[in-house]
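What follows is a single structure, written as structure tokens, with notes after it.
The values are calculated or read from the model by the stated rules, or taken from the named source; none is laboratory data. As the structure is a prediction and not an experimental result, all values here were calculated from the model. Using ideal geometry, Cβ is built from the backbone for each residue, glycine included, and neighbour counts are taken over all protein chains shown.
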């Protein structure tokens, strides 16, 4: 039994949706058919929101997270402890730590992790910019909150070595976070415990 080829626009939509994490071809096809058949207004709203985000969002000059302004509200807040800097892989990880209500310092978002096989090295991740951020402000402790995956551990080890060579106090979140897991999918209580029980690296 032959399968009809998808029209080019439909094929491109399905391929685009497969770029989302955890979305395979079958799920992408189901999403595409749903939007086109049942929710064209929703599809247009998604299109508009993506275009707006791409156009209006930039990276914060201090923490590298997403913001509409040059410096984000978190970095500008006088209520944050600017002597502690928490390094995370993604803005989603930063959001999960904020949801735990257990951390009141500042952040630096790497927007990735060391992964040579994917072409992600120290230069790609902008480690020099992170070091400059540490030296430009009165940072007394850097908390490494990268994920407990192989790449996250490698990233934490590398950063820890570099920071300690420059006399910076470095700590690592505790292993209450399960090995191999990502902060984005860990509950807030576990994250709060992992931060409180962090150890010197």
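Taking every residue in the range 37-58 that is in the same structural domain as residue 13 (by TED's automatic domain parsing) and pairing it with any residue that is in a helix (DSSP H, G or I), at least 6 positions away or on another chain, the pairs with Cβ-Cβ distances below 8 Å are 42/35; 43/35; 43/36; 46/35. Take the conditions (1) surrounded by fewer than 10 Cβ atoms within 10 Å (Cβ to Cβ); (2) under 27 Å from the mean Cα position of the chain (by Cα); (3) over 30 Å from residue 132 (Cβ atoms); residue 37 misses just one of them, which is (2).
Being without any contact (Cβ under 8 Å) to a residue 40 or more places away in the chain and part of a helix (DSSP H, G or I): is that true of residue 130 here? It would help to see each step written out before you state the result.
Values: without any contact (Cβ under 8 Å) to a residue 40 or more places away in the chain: no; part of a helix (DSSP H, G or I): yes.
Taking the combined requirement at face value, the residue does not satisfy it.
Among the residues that make up the range 51-66, is at least one of them over 19 Å from the mean Cα position of the chain (by Cα) and surrounded by 15 or more Cβ atoms within 10 Å (Cβ to Cβ)?
Quick first cut of the range 51-66, residues over 19 Å from the mean Cα position of the chain (by Cα) only: 51-52, 55.
Going one step further and asking which of them are surrounded by 15 or more Cβ atoms within 10 Å (Cβ to Cβ), we end up with none.
Within the range 51-66, not a single residue is over 19 Å from the mean Cα position of the chain (by Cα) and surrounded by 15 or more Cβ atoms within 10 Å (Cβ to Cβ).
State whether one or more residues within the range 137-145 are at pLDDT below 90, surrounded by 14 or more Cβ atoms within 10 Å (Cβ to Cβ) and touching a helix residue (DSSP H, G or I) at 6+ places or on another chain (Cβ under 7 Å).
No, the conditions are met nowhere in the range 137-145.
The residues of the range 134-158 that are under 18 Å from residue 93 (Cβ atoms) and out of contact with any strand residue (DSSP E or B) (no Cβ under 6 Å at 6 or more places or on another chain), listed by number, are 146, 147, 148, 149, 150, 152, 153, 154, 155, 157, 158.
The single residue among 21, 9, 78 that is exposed (fewer than 15 other Cβ atoms within 10 Å of the Cβ), more than 20 Å from the chain's Cα centre (by Cα) and either closer than 30 Å to residue 191 by Cα or in contact (Cβ under 8 Å) with a residue 24 or more places away in the chain (or both) turns out to be 78. Does residue 155 satisfy being in a helix (DSSP H, G or I), assigned by TED's automatic domain parsing to the domain that holds residue 117 and either at pLDDT below 90 or within 24 Å of residue 116 (Cβ to Cβ) (or both)? Against the criterion (in a helix (DSSP H, G or I), assigned by TED's automatic domain parsing to the domain that holds residue 117 and either at pLDDT below 90 or within 24 Å of residue 116 (Cβ to Cβ) (or both)), residue 155 qualifies. Among the residues of this structure, residue 70 counts as one that is more than 18 Å from the chain's Cα centre (by Cα) and either closer than 20 Å to residue 57 by Cα or loosely packed, with under 12 Cβ neighbours inside 10 Å (or both). Within the range 106-129, being crowded, with 19+ Cβ neighbours inside 10 Å and in contact with a strand residue (DSSP E or B) (Cβ under 9 Å, 6 or more places away or on another chain) holds for 106, 107, 108, 109, 110, 113, 114.
Here residue 85 fulfils each of the conditions (1) surrounded by 18 or more Cβ atoms within 10 Å (Cβ to Cβ); (2) farther than 19 Å from residue 138 by Cα; (3) in contact with a strand residue (DSSP E or B) (Cβ under 8 Å, 6 or more places away or on another chain) apart from (2).
Check every one of the helices (runs of 4 or more DSSP H) wholly within the range 1-118 and list those with 3 or more residues that are under 29 Å from residue 163 (Cβ atoms). Ranges flagged: 73-76, 91-99.
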